[in-house]
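Written below as structure tokens is the structure these notes are about.
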């Protein structure tokens with residue numbers, strides 16, 4: 001028996017919106033915008049992400065990604081969202097809640113990216129502020145975690161503006177751009193968010 005698991009057999013349909021943004025599960029019709037934005041932002045994103053698979057931007061690669069997302073949603077392991085600017089229905093980035101742990105933990109880890117042409121304009125801070133009530137509400141989480149490379153000051157600022165506290169440093173925590181790198185660890189508790 002899984003304690004504190006969501007009391008449903010099918011994944012919830014989550015589409016939080018606000019601040020001019022809609023966050024929703026990606027679908028195949030997003031492929032063109034997603035791949036164009038990722039390709040245009042490749043050099044901007046490369047220092048902060050794992051090495052991209054060779055077929056990452058292909059239609060087949062995107063289809064595999066969507067299948068994995070569906071499996072993760074059904075198993076309550078991860079919740080992926082694309083970030084869409086409502087004024088022009090433009091995909092500007094994405095955020096994923098991954099590593100969902102239930103039982104006595106009730107937590108998950110967020111990761112995110114924004115297209116280079118949309119960076120530095122407050123979109124990611126707004127997207128997280130729109131998403132957090134859903135994570136603590138509908139998904140019934142107690143704690144949200146995040147990590148960022150210490151030199152990624154923009155990402156650290158986003159987390160801190162959204163109420164996350166820096167809790168420590170994990171040495172050689174993730175393999176980013178082919179190198180095991182230290183990361184700042186951040187956490188946000190439901191009571192801190194609601195308080």
Of everything in the stretch 54-63, what is within 14 Å of residue 37 (Cα to Cα) and either touching a strand residue (DSSP E or B) at 6+ places or on another chain (Cβ under 8 Å) or in a loop (DSSP other than H, G, I, E, B) (or both)? Give them in sequence order.
56, 57, 58
Listed residues 148, 175; which is closer than 15 Å to residue 47 by Cβ and under 14 Å from the mean Cα position of the chain (by Cα)?
148
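Does the stretch 89-98 include one or more residues that are surrounded by fewer than 18 Cβ atoms within 10 Å (Cβ to Cβ), closer than 20 Å to residue 41 by Cβ and in contact with a strand residue (DSSP E or B) (Cβ under 8 Å, 6 or more places away or on another chain)?
Yes, some residue in the stretch 89-98 is surrounded by fewer than 18 Cβ atoms within 10 Å (Cβ to Cβ), closer than 20 Å to residue 41 by Cβ and in contact with a strand residue (DSSP E or B) (Cβ under 8 Å, 6 or more places away or on another chain).
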I'd like the full set of residues that are within 20 Å of residue 180 (Cα to Cα) and not in a helix (DSSP H, G or I), limited to the stretch 39-53.
49, 50, 51, 52, 53
Show me the helices (runs of 4 or more DSSP H) found entirely inside the stretch 112-195 where at least 3 residues are out of contact with any helix residue (DSSP H, G or I) (no Cβ under 8 Å at 6 or more places or on another chain) and either modelled with pLDDT of 95 or more or closer than 22 Å to residue 91 by Cα (or both).
123-136, 153-161
Output the number of the condition that residue 177 fails; it satisfies all remaining conditions of (1) farther than 22 Å from residue 48 by Cα; (2) surrounded by fewer than 16 Cβ atoms within 10 Å (Cβ to Cβ); (3) touching a residue at least 24 places away in the same chain (Cβ under 8 Å).
(1)
Could you tell me which numbered condition residue 69 fails, if it satisfies all but one of (1) touching a residue at least 24 places away in the same chain (Cβ under 8 Å); (2) in a helix (DSSP H, G or I); (3) over 21 Å from residue 22 (Cβ atoms)?
(3)
Counted residues, the stretch 12-38 - those being in a helix (DSSP H, G or I) and on the phi > 0 side of the Ramachandran plot
0
Could you identify the single residue in 120, 163 that is within 22 Å of residue 18 (Cα to Cα) and either free of Cβ contacts under 8 Å to residues at least 12 places away in the same chain or exposed (fewer than 14 other Cβ atoms within 10 Å of the Cβ) (or both)?
120
Unmet requirement for residue 105, which otherwise passes all of (1) surrounded by 13 or more Cβ atoms within 10 Å (Cβ to Cβ); (2) touching a residue at least 60 places away in the same chain (Cβ under 8 Å); (3) part of a loop (DSSP other than H, G, I, E, B):
(2)
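Yes/no per residue for (1) surrounded by fewer than 17 Cβ atoms within 10 Å (Cβ to Cβ); (2) free of Cβ contacts under 8 Å to residues at least 24 places away in the same chain:
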site: 25; (1), (2): no, no
site: 41; (1), (2): no, no
site: 48; (1), (2): no, no
site: 51; (1), (2): yes, no
site: 64; (1), (2): yes, yes
site: 84; (1), (2): no, no
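The values are calculated or read from the model by the stated rules, or taken from the named source; none is laboratory data. Because the structure is predicted, anything quoted here is derived from the model rather than measured. Heads up, the Cβs are rebuilt from the backbone with ideal geometry, glycines too, and the neighbour counts pull from every protein chain shown.
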